[in-house]
Amino acid sequence: MARRAVVLLSGGLDSATALGWARAEGFQCHALSVDYGQRHRAELDAAGHVALHLGAAEHRLVRVDLGSFGGSALTDPTLSVPTSGPQPGIPVTYVPARNTILLSLALAWAEVLEARDIFIGANAVDFSGYPDCRPEYIRAYEAMANLATKAAVEGARLTIHAPLLNMPKAEIIRRGASLGVDFSITVSCYQATADGLACGRCDACRLRRAGFQEAGVADPTRYA
């Protein structure tokens with residue numbers, strides 16, 4: 001029987017590739033998406049399509065209203081998504097504690113499923129300066145998880161896989177293509193329309209477009 005893994009699936013390019021990677025490694029994948037009040041809600045619809053396309057055993061959507069706190073252009077409608085290109089410092093699109101919350105939800109589900117593996121599409125190369133996408137963060141969270149759960153205390157240690165962590169976007173795209181990921185159904189844009197059309201100007205769109213160009217792969221993104 002295949003080992004179970006929980007895969008965090010946003011609906012974007014990176015998380016879709018992480019799901020394809022986990023499937024290729026033989027895991028039975030339980031995909032988890034989180035509606036945290038993000039303005040680019042089209043990614044949640046995309047996540048459903050990706051989970052089906054890549055053969056996830058199950059796909060669940062959990063709601064956590066981070067919009068109640070705001071503090072990010074992705075959850076606070078009074079803050080604008082930057083469209084002038086990368087700037088010094090951590091951008092306003094950083095969502096406070098997002099990956100910590102998402103990994104905690106994945107950890108809870110993994111323990112219930114008796115799964116010892118969690119996959120996340122975090123990337124420390126094209127990561128816009130987000131502190132919760134760094135290798136040291138992933139290592140620290142894994143260490144914490146193995147102190148915090150009944151399963152780990154009883155000997156079922158958990159591994160957090162971040163297979164894309166040190167890969168540039170072009171390499172992620174080439175790897176995803178080799179894994180059968182259909183990038184046309186993914187949504188990366190920070191301010192995508194309800195139909196999933198990308199703005200082409202935010203940081204996420206710029207990184208995605210440059211990645212396809214460098215990879216020599218046709219960009220299937222639907223732009224507004």
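About its Cα centre, the chain has a charge dipole of approximately 140 debye under the convention of +1 per Lys or Arg Cβ and -1 per Asp or Glu Cβ, with nothing else charged.
Would you list Ile101, Ile160, Ile172 from fewest to most Cβ contacts within 10 Å? Please list the in-between numbers first.
Numbers: Ile101 17, Ile160 21, Ile172 26.
Least crowded to most crowded, the residues run Ile101, Ile160, Ile172.
For the chain, the longest principal axis of the Cα atoms and the long axis of helix 13-24 meet at an angle of about 30 degrees.
A Gaussian network model of the chain, with springs between Cα atoms under 10 Å, assigns the largest mean-square fluctuation among His30, His53, His40 to His53. Proximity of backbone amide H atoms, modeled 1.01 Å from N, is registered between Glu58 and Ala31 at under 5 Å, excluding neighbours fewer than 5 places apart on the same chain.
Relative to its residue count, segment 49-144 spans a Cα convex hull of 147 Å³ per residue. If you run the Gaussian network model on the chain, springs between alpha carbon atoms under 10 Å, then out of Leu61, Leu19, Leu107 the most flexible one is Leu61.
222 nm [θ] for the chain, helices only, -39500 (n - 2.57) per DSSP H run of 4+, per residue, to 500? Mind showing how you got there, number by number?
On the way: 7 runs with 81 residues, N = 224.
My calculation for the chain gives -11000 deg cm²/dmol from helical runs alone.
Considering all different alpha carbon pairs of the chain, the Kirkwood hydrodynamic radius works out to 17.5 Å.
Relative to the longest principal axis of the Cα atoms of the chain, the long axis of helix 42-53 lies at roughly 50 degrees. Note on Val187, Val81, Val125: ascending count of other Cβ atoms within 10 Å places them as Val125, Val81, Val187, the fewest first. For the chain, a Gaussian network of Cα nodes joined below 10 Å ranks Leu113, Leu102, Leu66 by mean-square fluctuation, and the top entry is Leu113. Between 0 and 90 degrees, the angle of helix 98-113 with respect to the longest Cα principal axis of the chain falls at about 30 degrees. Spatially, segment 188-224 and segment 87-134 are offset by 21 Å when compared through their Cα centroids.
Quick check of the Kirkwood formula: for segment 51-105, what is the inverse mean of 1/r over all pairs of different Cα atoms, in Å? Walk me through the numbers on the way to the answer.
Working: mean 1/r = 0.0736 Å⁻¹.
About 13.6 Å, per the Kirkwood formula over Cα pairs.
Quick note: the coordinates plus some simple rules give every number you see, no bench work behind them. Everything quoted here is computed from the prediction, not taken from an experiment. Methodologically, a virtual Cβ is constructed for each residue, glycine included, from the backbone with ideal geometry; neighbour enumeration extends over all protein chains shown.
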